[in-house]
1. How long are the three semi-axes of the equivalent ellipsoid for region 72-153, computed from the Cα gyration tensor as the root of 5 times each eigenvalue, in whole Å, largest first?
2. Compute the projected area of the convex hull of the Cα atoms of region 164-244, averaged over all viewing directions, and report it in nm² to one decimal place.
3. Quick one: of 123/172; 14/257; 172/378; 94/123; 14/302, which pairs are farther than 26 Å apart, Cα to Cα?
4. Work out the charge dipole of region 291-331 with +1 on the Cβ of Lys and Arg and -1 on the Cβ of Asp and Glu about the Cα centre, then indicate which of 305, 294, 322 is farthest towards its positive end.
5. Bin by bin, in steps of 10 Å, what percent of the Cα pairs in region 319-446 do you find, going until the bin that has the longest distance?
6. Could you tell me the accessible area of residue 73 in Å² (1.4 Å probe, neighbours in place), rounded to the nearest ten?
7. Using the alpha carbons of region 51-208, what is the convex hull volume per residue in cubic angstrom, as a whole number?
8. Enter the per residue convex hull volume of region 295-370, computed from alpha-carbon coordinates, in Å³ rounded to the nearest integer.
Amino acid sequence: MIIFGATGDLARRKIFPALYHRFVDGQLPANSRIIGVSRSEHSREDFIDIVHENYCEFEKEDTLDQEKWNEFIALIDYVSIDVLKDSDWSNLAKAVDEKNSLIRVFYLAMPPSMFAEICQGLKKAGLAHKKSRVVLEKPIGTDFDSANEINEGVAKVFDENRIYRIDHYLGKETVQNLLVLRFGNILLEPLWNSNAIEHIEITVAEDIGVSGRGSYYDSAGALRDMVQNHLLQLLCLTTMEAPSSLGADDVRTEKIKVLRALERITVDNVKEKTVRGQYTNGRVDGKAVNGYLVDLDVEDSKTETFVAIHAEIKNWRWAGVPIYLRTGKRMSSRRSEIVIQFKPVPHSIFGEDTKINPNKLVIRLQPDEAVRLFMEIKEPGAGGLRLKTLPLNLSYADNFTVRYPDAYERLLMDVVRGNLSLFMRRDEVEAAWRWVDSVLEAWDETDQITRPYFAGTDGPEAASEMLTDLGDSWSEA
């Protein structure tokens with residue numbers, strides 16, 4: 001495994017810890033090689049020290065077994081290359097060619113604008129043989145045209161079945177469980193349509209600000225950074241038809257049908273269907289935090305740190321069902337969840353004074369992974385019939401005591417195994433960009449404002465009003 005950007009944040013926080021855990025579990029054989037690549041000048045020993053320091057910073061200390069760690073770092077090497085300047089990749093070729101017969105995974109933890117050039121460098125150096133695969137980190141481009149250009153450049157070196165466009169959300173345990181929940185239980189399938197479902201909510205909320213990503217984020221915004229990939233992927237898995245198998249093309253073909261059925265948001269409906277927001281100063285977890293402009297040290301910016309969208313899928317299963325997408329930074333809490341709000345019972349036999357809440361299925365992806373089905377039951381006791389809403393609760397923490405892998409652990413091993421089902425196909429990425437581009441263009445043409453919201457809240461009031469106008473409301477955290 002050759003990791004470009006090996007001294008970057010993603011590699012230090014996620015990739016190397018994930019590889020260590022897979023090694024401890026016996027999934028990386030002893031003849032494997034892990035080669036870090038970066039333009040920074042480091043000796044192998046210095047680089048291993050960096051990997052160790054960051055593991056101790058970002059992972060729990062009791063997960064590091066010193067004997068296993070020593071075996072793991074024996075697999076690691078380091079090569080310094082500036083991929084935009086250095087024409088001589090011979091040092092990397094020498095490090096890799098010692099294991100010419102092994103599967104090669106090139107992980108590009110780099111800006112997407114560099115993907116095509118790196119792939120060309122690999123080709124010129126003779127490194128991209130038929131057993132090699134390339135992993136591309138999101139976002140793939142900033143719009144349809146740039147995504148198409150990147151995909152074209154990579155495709156000149158790697159066939160589509162050797163390109164792994166990674167979205168770590170698809171490796172989360174609860175996202176995996178969504179497929180089992182839907183297609184491994186007969187109970188829900190008859191209800192999984194517009195006949196029984198009132199609306200669907202998908203929320204990915206963060207309580208942090210832009211941190212060190214300010215320059216990137218200000219050119220991207222929440223729509224490009226989160227909706228185009230994470231939220232649309234969750235939407236696809238929630239609403240797609242049953243694939244004929246878990247084979248990569250079977251799953252991905254059903255997902256792209258959803259993307260193509262999404263109603264376009266245009267200048268005619270963008271103000272009714274979307275809300276943009278930007279956090280100002282406020283309080284998160286009782287602590288005062290700065291607003292977006294202060295975090296960036298700029299006087300003005302229209303970039304949205306929050307977006308809410310009323311989407312609709314124009315097909316037989318979902319026609320008429322509102323789908324509410326919401327994501328933002330500096331919100332009241334960190335959480336990712338899918339809420340399936342069922343319709344109310346058609347008639348109450350309990351009298352006008354007895355409120356019956358509709359059933360609700362909540363799939364919590366983070367931080368407390370769980371599946372909860374809220375149902376009505378009778379409160380115990382005499383003196384009248386009183387109803388109470390309680391969940392049937394499948395909590396991962398309560399039911400599974402074993403450690404379950406981080407998303408990157410699963411996805412990295414799927415790359416090694418050649419399993420593409422959790423990775424995006426080229427036409428899927430481009431279909432998502434076409435839909436997002438229509439929103440961006442409509443925002444520009446209508447000059448839609450970016451509404452302020454206090455840090456520590458759940459976005460602008462207009463996001464709640466958008467649902468209220470339709471007789472709905474966001475589920476509480």
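The values are calculated or read from the model by the stated rules, or taken from the named source; none is laboratory data. No experiment lies behind these values; they were computed from the predicted model shown. FYI the Cβ positions are ideal-geometry reconstructions off the backbone, even for glycines, and counts take in every protein chain you see. Just the protein is used for accessible areas: all its heavy atoms, side chains included, with ligands, DNA and RNA removed. Shrake-Rupley method; radii C 1.70, N 1.55, O 1.52, S 1.80 Å.
1. Gyration-tensor ellipsoid for region 72-153: 24, 14, 13 Å.
2. Taking a quarter of the hull surface, the average projection is 7.5 nm².
3. 123/172; 14/257; 172/378; 14/302
4. In region 291-331, that residue is 322.
5. 9, 21, 30, 23, 12, 5, 0
6. 30 Å²
7. Normalising the Cα hull of region 51-208 by residue number yields 228 Å³.
8. 191 Å³
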